[in-house]
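Each remark here refers to the structure printed beneath this line.
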Amino acid sequence: LGRSGNALKTPDVLAFQAAHAQARDAVHTPLDVQAMLGQAGALGVSCLCVGSRAPDRATYLRRPDLGRRLSAESLSVLHKGAWDVVFVAADGLSSVATQHSAVALFAAMRARLAGWRIAPLVIATQARVALGDDIAQAMGAAMVVVMLGERPGLSVADSLGVYLTYAPFVGCPDSARTCVSNIHPPGLPVPVAADQLCWPLRAA
């Protein structure tokens, strides 16, 4: 029997449990920074690695404010330059999304922004969107693009969101950002997302 009384059908119950497990894994699985450095190295992309003030995942999930500011150690890694834009690959709430799509998106953007002064790719852990403001301010970048794993739902657990901020500063409101979201293989493909992101970057 598909169901007994008013109960959900067994396949629906199992599908919900599987989707819920994937979402939990996406939130709790740590970003594999070494693997990302390998991806970037294969494409000839130089990287900097930083972390927020949240010392671990449990603290990050309970204290969003700590995920918005750089740790003291990370500030010493970043140096000012005359950058037009800095791209940040941040774990956010789905390290799986960042692992799958962030380096590829950065490479696609770099190819589309010929002549731009693009800072080294910054890989950030325990990061919220606003961490990009801290990074851009420390590096003297005119714009920041934060590529961040979005909060997983029951339909997709590996969706990447991209947040563009012009003239970023610590304390910048979220209303000042432009977002391109739902970047994952069955959703918005990386090349299409790169094309969509180029317009607001150039307009800014």
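Out of all the residues in the range 1-49, which are charged (D, E, K, R) and within 16 Å of the chain's Cα centre (by Cα)? If the condition is that a residue be charged (D, E, K, R) and within 16 Å of the chain's Cα centre (by Cα), then ASP32 is the only one that fits. Just to be sure before I move on: is ASP158 of a type in the set (D, E, K, R), open to solvent by 20 Å² or more (accessible area, probe 1.4 Å) and under 23 Å from CYS49 (Cα atoms) in the structure I sent? Spelling it out, ASP158 is indeed of a type in the set (D, E, K, R), open to solvent by 20 Å² or more (accessible area, probe 1.4 Å) and under 23 Å from CYS49 (Cα atoms). Of the residues making up the range 161-204, those that are in a strand (DSSP E or B), open to solvent by less than 50 Å² (accessible area, probe 1.4 Å) and either out of contact with any helix residue (DSSP H, G or I) (no Cβ under 6 Å at 6 or more places or on another chain) or under 17 Å from VAL86 (Cα atoms) (or both) are GLY161, VAL162, LEU164, THR165, ARG177, VAL180, LEU188.
In the condition set (1) farther than 28 Å from THR59 by Cβ; (2) of a type outside the set (S, T, N, Q); (3) crowded, with 24+ Cβ neighbours inside 10 Å, LEU131 is compliant with all but (1).
Can you name the residue in the range 50-62 that is of a type outside the set (D, E, K, R) and assigned to a loop (DSSP other than H, G, I, E, B) and, of all such residues, is nearest to the chain's Cα centre (by Cα)? Selected residue: ALA54. Residues that are in contact with a helix residue (DSSP H, G or I) (Cβ under 8 Å, 6 or more places away or on another chain) and in a helix (DSSP H, G or I) were ranked within the range 112-132; the one that is farthest from LEU164 (Cα to Cα) is ARG112. The set of residues in the range 1-40 that are among the charged types (D, E, K, R) and either touching a Cys at 6+ places or on another chain (Cβ under 9 Å) or outside any helix (DSSP H, G or I) (or both) comprises ARG3, LYS9, ASP32.
The values are calculated or read from the model by the stated rules, or taken from the named source; none is laboratory data. Small disclaimer: the values here were computed from a predicted structure and weren't measured. Using ideal geometry, Cβ is built from the backbone for each residue, glycine included, and neighbour counts are taken over all protein chains shown. Accessible surface areas use protein heavy atoms only, side chains included; no ligands, DNA or RNA. Shrake-Rupley method; radii C 1.70, N 1.55, O 1.52, S 1.80 Å.
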